[in-house]
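Structure first, commentary second.
Laboratory data are not the source of any read-out in this text; all were calculated from the coordinates shown. None of these values were measured; they are calculated from a predicted model. Every residue, glycine as well, gets a Cβ built from its backbone with ideal geometry; the counts of neighbours run over all protein chains shown.
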Amino acid sequence: MTENIRNFSMDWFSLKGKVAIVTGANQNLGMGYAVAFAKAGADLFITHFTDDVSEVKKLIESEGRRVHFLKGDLLKKEDIKAVVDECMRVYGRIDILVNNAATNHFEDFETFPDEAYSRVVELNMKTVYYLSKEVSKIMIRQGSGKIINIGSALSYTADKKCPSYVTAKHGVLGITRAFANELGKYNIQTNAICPGFFQTDVNIAISADPVFYNKITDRISLGRWGKADDLMGAAVFLASKASDYLNGSDIIIDGGFATVL
Ligand SMILES: NC(=O)c1ccc[n+]([C@@H]2O[C@H](COP(=O)([O-])OP(=O)(O)OC[C@H]3O[C@@H](n4cnc5c(N)ncnc54)[C@H](O)[C@@H]3O)[C@@H](O)[C@H]2O)c1
């Protein structure tokens, strides 16, 4: 046991020599994960749906790391396959996958369109399954890997007007546990980060409503909404050797929101 304790090193948090795929990482929280990995020594493969990748490119390259971009629609099976093929062509390996890309649709439950229900569940939940399944084939061959799924406060509770998002984010935890269970024997760890309330583009409309904004802020025991850098340390931990015995777990990063009645 002492030998084991003596061996622990801060190098276990390093991602030097690793290749990480982060979906939807040209902006907001995904950009935070990608830049955190670059700062820890990894090269990046970023999928994007909107056009502007200049900011994340600059931030990663200023760390002396490589970044490769692939534009695609992760609702399309062929684009999911292309992520893995292109990452393997460019880097020849995949060590880390962060399933970050997601969308939402807000509408009254009574008129909530079936199309929006299907589309949000397809991207936020089924794509996590399909892409992780493709990536896991490479990780199994390599004998190691880290899959990090992005859940939400709505992986545990339900908000109104977004039943598809609530369904999908609960499902993300199910997928996390299923993959942890299936892939643990290959030395592949699957875990989730569940952010609380962060002021990104998706929340501009709801945080502009002072009643809603104050209701949420009052419930956050740290007294403020989150910022991308509040998630970056946990992402590096989950991607690194330091978390090798963590599998099928979910880390709630919400400033204390979930613990307050
Ligand atoms: N912002 C929050 O408060 C918050 C809270 C909990 C969880 N999350 C989760 O964190 C992740 C990132 O959230 P964010 O706030 O940075 O949102 P965001 O909208 O800025 O990022 C989502 C990304 O997904 C991409 N995307 C959307 N549709 C796509 C498609 N069809 N194909 C490929 N990519 C597509 C977008 O282009 C974008 O890059 C999401 O999984 C979100 O559910 C966010």
At most 11 other Cβ atoms within 10 Å and a DSSP loop assignment: could you name the chymotrypsin sites (Phe, Trp or Tyr not before Pro) in the stretch 171-261 that fit? 245
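Express in nm, to one decimal, how much length is gained between residue 245 and residue 118 on full extension, taking 0.36 nm for each residue of separation and deducting their alpha carbon distance.
Gain in length upon complete extension: 42.2 nm.
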Please work out the Kirkwood hydrodynamic radius for the stretch 39-124, using every pair of different C-alpha atoms, and report it in angstroms with one decimal place. 15.0
I need the calculated FRET efficiency for the pair residue 3 and residue 108, taking r as the beta carbon distance and R₀ as 41 Å, to the nearest 0.05. 0.10
Assuming 0.36 nm per residue, please report the length gained on full extension of the stretch residue 144 to residue 221 beyond their Cα-Cα distance. 24.0 nm
Where in the chain are the helices, taken as whole DSSP H runs, whose Cα atoms extend 27 angstrom or more along the long axis and whose Kyte-Doolittle mean reaches at least -1.0? 163-183
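Treat every Asp and Glu Cβ in the chain as -1 and every Lys and Arg Cβ as +1, leave all other atoms uncharged, and give the resulting dipole magnitude about the Cα centre to the nearest 20 debye.
Working: 30 positive and 31 negative charges, 180 e Å.
Charge dipole, the chain, about its Cα centre: 860 debye, nearest 20.
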What is the stretch 217-261's relative contact order, in percent, from Cα pairs under 8 angstrom and six or more apart in sequence? 66
With a Förster radius of 35 Å, plug the Cβ-Cβ distance of residue 93 and residue 261 into 1/(1 + (r/R0)^6) and report the FRET value to the nearest 0.05. 0.15
Quick one: if the Förster radius is 22 Å, what FRET efficiency do residue 71 and residue 208 give, using the C-beta to C-beta distance and rounding to 0.05? 0.15
Expected sort for 67, 121, 35, 260 with the fewest Cβ neighbours (10 Å cutoff) up front is 260, 121, 67, 35
Loop only by DSSP, 13 or fewer other Cβ within 10 Å of the Cβ. Give me the trypsin sites (Lys or Arg not before Pro) in the stretch 39-98 that pass, ordered by residue number. 76
Cβ-defined net charge surrounding residue 17, 10 Å radius [Lys, Arg +1; Asp, Glu -1]: +1
Quick check: Cα centre of the stretch 69-142 to Cα centre of the stretch 229-256, how many Å? 20
The stretch 15-253: relative contact order in percent, alpha carbon pairs under 8 Å with at least 6 residues between: 20
log10 I(q)/I(0), Debye, Cα-only the stretch 15-253, no solvent, q = 0.08, 0.10, 0.16 Å⁻¹? -0.28, -0.44, -1.16
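List the trypsin sites (Lys or Arg not before Pro) within the stretch 181-232 that fall in a DSSP loop (any state other than H, G, I, E or B) and whose Cβ has at most 15 other Cβ atoms within 10 Å.
Within the stretch 181-232, the qualifying trypsin sites (Lys or Arg not before Pro) (loop, at most 15 other Cβ atoms within 10 Å) are 224, 227.
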